[in-house]
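What follows draws every value from the coordinates through simple rules; no lab data is involved. Predicted, not measured: the structure shown is a model, and the values here were computed from it. Please note: Cβ atoms are built from the backbone with ideal geometry, for glycine as well, and neighbour counts cover all protein chains shown.
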Amino acid sequence: MTQANLASAMCRKGGYTKNIRPPAAITRKEEAANAASYGYKGSLKDAEYDHRISLQLGGDSNGYRTLWVEPVDPAHNEAAHRRLLRQSAQRVCLAGRVRLSKSQP
């Protein structure tokens, strides 16, 4: 994802993430392999297979370098997190108020 292709990718009408997200049957297998590679011993039900750069901000849907098993943090507010991601994507997409590179870690 680059600043040049935002309109045809991340910012396109009709959504982006639902069209690039791999099926759960694939990610479940990858999640188990990823957890093993990091030495994660906990239950995968107590973790999230997460993206370093969110899909809403142009992250790679299946890039092994950007995905890892992340233990759930009880203090994490998922609703607030999702709201922040949506707002960040809107700022990038609406008139380029924020450059893509500034919205990604």
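Tabulated values for the structure
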quantity	calculated
Acute angle (nearest 10 degrees) that the helix 24-37 long axis makes with the longest principal axis of the chain, alpha-carbon atoms	60 degrees
Principal-axis tilt of helix 78-93 within the chain, Cα atoms, nearest 10 degrees	30 degrees
Residues with amide H under 5 Å from that of R21, placed H, sequence gap 5 or more	none
Gain upon complete extension [L44, K29; 0.36 nm per residue less C-alpha separation]	4.3 nm
Of P74, N5, N19, farthest towards positive along the dipole that unit charges on Lys, Arg, Asp, Glu beta carbons give the chain	N5
The chain - convex hull of alpha carbons, volume per residue in Å³	112 Å³
Simple Cβ-charge dipole of segment 3-103, Lys/Arg +1 and Asp/Glu -1, about Cα centre, in debye nearest 20	580 debye
The chain, helix-only ellipticity at 222 nm - DSSP H runs n ≥ 4, -39,500 (n - 2.57), divided by all residues, nearest 500	-10500 deg cm²/dmol
Fully extended contour minus Cα-Cα distance, from R99 to H81, at 0.36 nm per residue	4.5 nm
Proximal lysines relative to K18, as straight alpha-carbon distance under 25 Å, when same-chain residues fewer than 8 apart are discounted	K29, K45, K102
Pairwise centroid distance, computed over Cα atoms, of segment 1-71 with segment 82-104, Å	18 Å
